[in-house]
Amino acid sequence: MKKTILTASLVSMLFFAGSALAVDEHHPEKKDAPAATQMKTDQMDDSTQKMAEMRKKIEMEKDPVKRKALMHEQMQMMKDCMKMMDGKDMMGGKAMMGGEQGMMGDKSMTMDDRMGMMEKKMKMMQEMMDGMMMQQEMKTK
């Protein structure tokens, strides 16, 4: 009876010790996840701010030729943001919400990180919509 208890306790100690002895060096992707997430959100903030600045420049510009050039530049900027949000630039070829390596499939991201990314994405989309609406208004004038 004592041998059985001793054997069972030894086996259970070895079983649980295995997880405690796991080394993070074997999982480098988990170390870089917070930094990568921060870089992605910084890129989104940057892009949103640049689009807002571009929209203000266009609104202030009086010369129609210069305004048209700025609008073309703004359209290119919006296309680049769409690529980023689709994941081609930002998520290693996977969409933010789709695929195993997409934002929702990334097990290293916390729910707060995911929600933050979605908020940033929505702000960026709102800025793009504002820019497109402004361009439509200027075309009809």
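Points worth noting:
- Just one residue in the set Gln74, Gln136 is at pLDDT 85 or above, surrounded by 13 or more Cβ atoms within 10 Å (Cβ to Cβ) and outside any loop (DSSP other than H, G, I, E, B); that residue is Gln74.
- Test: residue in the range 91-106 that is surrounded by 16 or more Cβ atoms within 10 Å (Cβ to Cβ) and either touching a Ser or Thr at 6+ places or on another chain (Cβ under 8 Å) or at pLDDT 75 or above (or both): no
- Sole residue being closer than 30 Å to Lys139 by Cβ and either exposed (fewer than 10 other Cβ atoms within 10 Å of the Cβ) or modelled with pLDDT under 80 (or both), chosen from Lys50, Lys83, Lys62, Lys66: Lys62
The values are calculated or read from the model by the stated rules, or taken from the named source; none is laboratory data. What you are looking at is a predicted structure, and each value in this text was computed from that prediction instead of being measured. Note that we place each Cβ from the backbone using ideal geometry, even for glycine, and neighbour counts take in every protein chain shown.
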